[in-house]
Amino acid sequence: MEQGLGFSHFLAQIDAVGIGVLALLISLSVASWYLIITKSIANFIAKKRATEFLKYFWGVESLEEVRKSLNNTAPNNAFAELAKLGIDAAADSKVHDKHKLAAAGGTSEFLTRALRNGIDQEAARVENGLTLIASAGSAAPYIGLLGTVWGIYHALIQIGLSGQGTLDKVAGPVGEALIMTALGLAVAIPAVLAYNAFVRRNRIWLARLDAFAHDLFVLITVGEVSEADDDSSNVHPIPQTIAPATTYSNLEERGQ
């Protein structure tokens, strides 16, 4: 009897409800691991590209040079997209009629709305897939517990019909039913850890992007003031007193 018990025997004795619970756990596990792997790779690439772009951005002489570079090469990271969005918004506000709704409030307000919209779009993008990971982490233990309860119920029914209530007859089927709980925990634990890691990364990423948007707003508005003082100049210099407000490593050290 002991040799007949185990996972294979559990699968052979499982009914339709148990199969459904097992299939659901496997589906959650596959989906969560797919998102964990793909988002980890995407985040690594995004961080690398953002670091390269910021190094280039703070090394150029003017925003005009950045604008030309972004026009020639499509942005490949959130910071480059935000820079292009801000520079284009500043240029578009000049051609808009001030009485139109899009340019209401002047260039400063128009630029602020454009940068905020860009940050909101990036926030929505980085949140993609986290709902499923969170659902797997929170629901998988209960799904596994449902399978265990259902398995114990059927095991007790079979024991009652056989009329043999000895310990060896009870422990085997009940032990097999607990496999579902173990599977639920195996699905939930990696999902919970990954979700917490992604949430922390996204919080730091968006805080860094928000700081860059603030720096970009200052650079563009200072450039416009300089241009107003000297209409013959088409170059918007990046003031040497303006430096990156924050860095990725600084945010990580503060544990944001």
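The values are calculated or read from the model by the stated rules, or taken from the named source; none is laboratory data. All of these numbers come straight from a predicted model, not from anything done at the bench. Every residue, glycine among them, receives a Cβ derived from its backbone with ideal geometry; neighbour counts consider all protein chains shown.
Miscellaneous remarks
- Qualifying residue in the stretch 11-32 (condition: at pLDDT 90 or above and within 30 Å of LEU85 (Cβ to Cβ)): no
- Residue check, LEU219 within 30 Å of ASP92 (Cβ to Cβ) and either touching an Asp or Glu at 6+ places or on another chain (Cβ under 9 Å) or modelled with pLDDT of 90 or more (or both): no
- Among the residues making up the stretch 104-145, a single one is β-branched (Val, Ile, Thr), within 30 Å of VAL30 (Cα to Cα) and more than 19 Å from the chain's Cα centre (by Cα): ILE143.
- Top-ranked residue of the stretch 176-213 - restricted to ones that are of a type in the set (D, E, K, R) and over 16 Å from the mean Cα position of the chain (by Cα), ranked as modelled with the lowest pLDDT: GLU176
- Single residue of the stretch 124-175 satisfying the filter (at pLDDT 75 or above and among the charged types (D, E, K, R)) that is nearest to ASN202 (Cα to Cα): GLU127
- Restricting GLY151, GLY129, GLY137, GLY144 to residues that are touching a Lys or Arg at 6+ places or on another chain (Cβ under 8 Å) and not aliphatic (A, V, I, L, M) narrows the list to GLY129.
- Within the stretch 56-77, the set of residues being assigned to a helix (DSSP H, G or I) and out of contact with any Gly (no Cβ under 8 Å at 6 or more places or on another chain) comprises TYR56, PHE57, GLU64, GLU65, VAL66, ARG67, LYS68, SER69, LEU70, ASN71, ASN72.
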